[in-house]
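Every number here is computed from the coordinates shown, using simple stated rules; none is lab data. Everything numeric here is computed off the predicted structure, so don't read it as measured data. Glycine gets a Cβ as well: all are built from the backbone with ideal geometry, and neighbour counts include every protein chain shown.
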Amino acid sequence: MLLNKAKILQRQKAKIAESVAKADIIITTAQIPGKKAPVLITKEMIEAMKSGSIIIDLATATGGNTELTENNITVTHMGIQIVGNSYLPCTMPSDASKLYGKI
């Protein structure tokens, strides 16, 4: 059972790495209530991205979903920007929220 679980996790990581390398923009939001956010994107995956790519990490308050995320700081690593802002949704004006709520 553990062997199968390890293989599944390894395949998931490989698929994520493949997708990350192709992406120009990534938005991460994965959090587990009461625990540290899972690291989904490793430093090696980030280094495989094209220079100028951006990662928006909304899980920074609980550690972030990348190895390089820092809360309330934008980190630039090898030309890739990692925006660590867990309060980004709060910056949306309330009028816009009301507008979208009526659609």
How large is the charge dipole for the chain, taken about the Cα centre, if only the Cβ atoms of Lys, Arg (+1) and Asp, Glu (-1) carry charge, to the nearest 20 debye?
-> 500 debye
Considering only DSSP beta bridges with both partners in the chain, what is the antiparallel share in %, to the nearest 5?
-> 35 percent
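Please state, as a whole number in µm²/s, the translational diffusion coefficient that the Stokes-Einstein equation yields for segment 2-89 at 20 °C and 1.002 mPa s, with Rh defined as the Kirkwood radius across alpha carbon pairs.
After rounding, the answer is 162 µm²/s.
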When a footprinting reagent is the concern and you count Cβ atoms within 10 Å, what order do 82, 25, 56 take, fewest first?
-> 25, 56, 82
Specify the angular offset, from 0 to 90 degrees and rounded to the nearest 10, of the alpha carbon long axis of helix 2-22 from the longest principal axis of the alpha carbons in the chain.
-> 60 degrees
